[in-house]
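Notes to accompany the following structure.
The values are calculated or read from the model by the stated rules, or taken from the named source; none is laboratory data. Please read all numbers here as calculations on a predicted model, not as lab measurements. All Cβ positions, glycine included, derive from the backbone under ideal geometry; neighbour counts span all protein chains shown.
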Amino acid sequence: MPTPALPAAPLRLLIINPNTSETITARLKALAEDEAGGAAAVSAISARFGAPYISDRASAVVAAHAVLDAAEAAREAYGEADAIVIGCFGDPGLKALREMTGRPVTGFTEAGLLEAASEPGPFLVATNGEAWCAMLSELAAQMGLSDRIVSFFSIGDAGAGDAALCAALITEEAERTGAVRVVLGGAGLIPILAEVAERLELPLVDPHRAAIRKAVAIATSLAQAVDPLTASGEW
């Protein structure tokens, strides 16, 4: 059976940055355009209030509200999106945005953990910030993945700015815990991810690209009148 062609018009993919940094928003838009290629027309928007960097529970709660506000602002500015990606490793407002919009919404954490869990063996989750490690652990528990993850590990500010050090820290943690792959997430880490992956011997799951791929896949399935749950998993 031939593979159905993509719709003639590109899908409309919206990236919401839950923090207020326009630099991060531009970085996320560029990444989405690279990953989606010609399959999607990408727009991006920053939170209109909140923190420039989400580093604790308080700012994460505010960010969830800001995501809903940004989605409405984007709808008014760009029209309805076919799919939305929440551009934060922590997925603030994910379920609420799905409920509010009725659109496919993906998040970096959910997409990255599910992709890592689709292969056998234990894995670790790395990011920058001890507070995030605790919050990510809670998200993994909600997803039923706690028994698959052997460590939630912060690379620290030094590792976030040095790909060689980041890779060395992850390698040491993987050897200590027996992890066979790593999910390395955080929008601030996107510039070093490719080099870190090259330096690691264990596979690296890029949750940012995973979320973009998943959003495009679900929206494509919907456009082709295919059941998205059958084609792409839960969204």
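Remarks
- When region 76-102 is filtered for residues that are at pLDDT 95 or above, surrounded by 14 or more Cβ atoms within 10 Å (Cβ to Cβ) and more than 26 Å from V183 (Cα to Cα), the ones remaining, listed by number, are A81, D82, M100, T101.
- For region 115-150, a residue qualifies if it is small (G, A, S), out of contact with any Phe, Trp or Tyr (no Cβ under 7 Å at 6 or more places or on another chain) and over 24 Å from V61 (Cα atoms), and the qualifying residues are A117, S118, G121.
- Within region 167-192, tally of residues that are in a helix (DSSP H, G or I) and farther than 18 Å from V150 by Cα: 6
- For region 14-66, the set of residues classified as touching a Ser or Thr at 6+ places or on another chain (Cβ under 7 Å), in a strand (DSSP E or B), farther than 15 Å from I190 by Cβ and not hydrophobic (A, V, I, L, M, F, W, C) consists of S46 only.
- Residue within region 198-210 that is among the hydrophobic types (A, V, I, L, M, F, W, C) and in a helix (DSSP H, G or I) present: yes
- Every condition in (1) of a type in the set (S, T, N, Q); (2) under 13 Å from the mean Cα position of the chain (by Cα); (3) surrounded by fewer than 16 Cβ atoms within 10 Å (Cβ to Cβ) holds for T109 except the one numbered (3).
- Residues satisfying the stated conditions in region 43-75, i.e. in contact with a His (Cβ under 9 Å, 6 or more places away or on another chain) and surrounded by fewer than 21 Cβ atoms within 10 Å (Cβ to Cβ): F49
- Remark: pairs (first residue in region 194-213, basic (K, R); second residue not in a helix (DSSP H, G or I); Cβ separation under 9 Å; 6+ apart in sequence or on different chains) = R213/T106.
- Boolean, G90 is in contact with an Asp or Glu (Cβ under 6 Å, 6 or more places away or on another chain), touching a residue at least 24 places away in the same chain (Cβ under 8 Å) and among the small types (G, A, S): no
- Any chance C133 is surrounded by fewer than 24 Cβ atoms within 10 Å (Cβ to Cβ), of a type outside the set (K, R), at pLDDT 95 or above and closer than 30 Å to R181 by Cα: yes
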